[in-house]
Amino acid sequence: MTTPTYWYETDSPVGRLLLTAGPDGALTSLSVPGQKGGRSVQDGWLRDAGPFRAAAEQLAAYFAGELTEFRLPLRAEGTAFRERVWAALDDVPYGATTTYGEIAARIGASRPAVRAVGGAIGANPLLILRPCHRVIGADGSLTGYAGGLERKTRLLTLEGAPVSRPAPLPATPR
C-alpha cells in the first residue's frame, strides 16, 4: 500500500500555491503555477485543508511582511547531497542573499561542485519555505529560479533584499 499524499491550494501574491504533505503532516512540496519541475495534483491524492492550516497561516503572515522565519515540519526527499544543500538554504536569513559558491563552501563542496549545488537548488521541492530564491549569481545578478525570475524578484523585494537585474545574455558572434 502506498503512503497517501495530501494536498491543498492557497492564493498568494506570487500565484496559487500547491502544497503537499504526507500522513504525518510534514510538508513535502510547495509549487507555483508554471514552475520548472513543479508538482501537480495526481489521481489518488487526498484534498484536505487540515494538515495545512499552520502553513497557510504562516505563508499569509510572510506575504504580509509579518513573518521572517517559517516554523513548519518539512520533509523533502532527495540524495544525501541535495539534502545537505537544501539544509544550507535554511541558514540563509530573511532579507539576505548568498551565492551558489557560498552554499557550496558552506556544505564543504569543492569549487567544481558549484554546478551540482545549482542543480540541487533548482530541484528544491519546497519553494519559498526553503528559501532558494535568496541564492544569486556571484556577480550579484539574479539567476535561475524554478518559479521564474519575476517571482524571485518579488520575493526578494518583499524581504527587502538587494535585487539586481538578471545577467545579460552574452552577445552571439556573427
- Query: Which members of the range 94-134 meet the condition of being part of a loop (DSSP other than H, G, I, E, B) and under 16 Å from the mean Cα position of the chain (by Cα)?
  - Reply: Tyr94, Gly95, Ala96, Thr97, Ala123, Asn124, Pro125, Leu127, Ile128, Leu129, Arg130, Pro131
- Message: Kindly evaluate Phe70 against the criterion of being among the hydrophobic types (A, V, I, L, M, F, W, C) and not in a loop (DSSP other than H, G, I, E, B).
- Response: no
- the range 55-85, residues that are among the hydrophobic types (A, V, I, L, M, F, W, C) and either more than 23 Å from Thr5 (Cβ to Cβ) or out of contact with any helix residue (DSSP H, G or I) (no Cβ under 7 Å at 6 or more places or on another chain) (or both): Ala55, Ala56, Leu59, Ala60, Ala61, Phe63, Ala64, Leu67, Leu74, Ala80, Phe81, Val85
- If you take the residues of the range 125-153 that are modelled with pLDDT of 90 or more and among the charged types (D, E, K, R), which of them is surrounded by the fewest Cβ atoms within 10 Å (Cβ to Cβ)? Glu150
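Quick check on this structure: which one of Ala76, Ala60 is more than 13 Å from Asn124 (Cα to Cα), not aromatic (Phe, Trp, Tyr) and not in a strand (DSSP E or B)?
Ala60
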- Hits in the range 34-57 - residues which are open to solvent by 80 Å² or more (accessible area, probe 1.4 Å) and assigned to a helix (DSSP H, G or I): Arg53, Glu57
- Query: Across the range 77-104, what is the total count of residues that are open to solvent by less than 70 Å² (accessible area, probe 1.4 Å), free of Cβ contacts under 8 Å to residues at least 40 places away in the same chain and farther than 17 Å from Lys152 by Cβ?
  - Reply: 6
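The values are calculated or read from the model by the stated rules, or taken from the named source; none is laboratory data. As the structure is a computational prediction, the values presented were derived from the model and not from experiment. No Cβ is skipped: glycine too gets one built from the backbone with ideal geometry, and neighbour counts run over all protein chains shown. In case anyone asks, the SASA skips ligands and DNA or RNA and just uses the protein heavy atoms, side chains included. Shrake-Rupley method; radii C 1.70, N 1.55, O 1.52, S 1.80 Å.
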